[in-house]
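The values are calculated or read from the model by the stated rules, or taken from the named source; none is laboratory data. In this text, all values refer to a predicted model and were calculated from it rather than measured experimentally. Cβ: placed from backbone, ideal geometry, glycine included. Neighbour counts: every protein chain shown. Just the protein is used for accessible areas: all its heavy atoms, side chains included, with ligands, DNA and RNA removed. Shrake-Rupley method; radii C 1.70, N 1.55, O 1.52, S 1.80 Å.
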Amino acid sequence: MALSIINIHVNVTGTSTRFFNVLATPLTITDGTTVAATTFLNDSGIAATTFPIVTNGYYNLYINGVLQEGGSYTVSATELTFNTVTGTLSAGTPIIIEAVELVTTL
């Protein structure tokens, strides 16, 4: 049997959409605290109506520029939910959600 070499080229591309919220008032966080998508602005500075649903990718959450642990929050189309964390964020604290969708092509 002859040796056969098969080349498979897989391309992965990603799109990233970011949403920004600078807290107008302090936010006390307990397990289950939510922040509505409508309180965020998108990359163009336009008020968001929903967050994108990411099916092949992930969300990143930054608070005051610091990436947060993945299990400490969930994102749905309508809100950001904090899980198993407590604390208070001061007014003026920036919250950024980044939705990254990956597409694979052969």
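Considering only alpha-carbon pairs that sit under 8 angstrom and 6 or more positions apart, the relative contact order computed for the range 2-106 is 44 percent.
A simple spin-label model places pseudo-atoms 7 Å from Cα toward Cβ; at Glu79 and Leu23 they are separated by 1.7 nm. Accessible area per residue (1.4 Å probe, heavy atoms of protein chains only) ranks Phe20, Phe51 as Phe20, Phe51, with the largest value leading. Between Tyr58 and Thr93, the simple spin-label model (points 7 angstrom out along Cα→Cβ) gives 2.3 nm. The computed Cα Rg over 2.2 N^0.38 Å for the structure shown corresponds, within [x] 1.41; [y] 2.75; [z] 1.26, to [x].
Measuring r between the beta carbons of Glu101 and Thr30 and using R0 = 30 Å, the FRET efficiency lands at 0.50.
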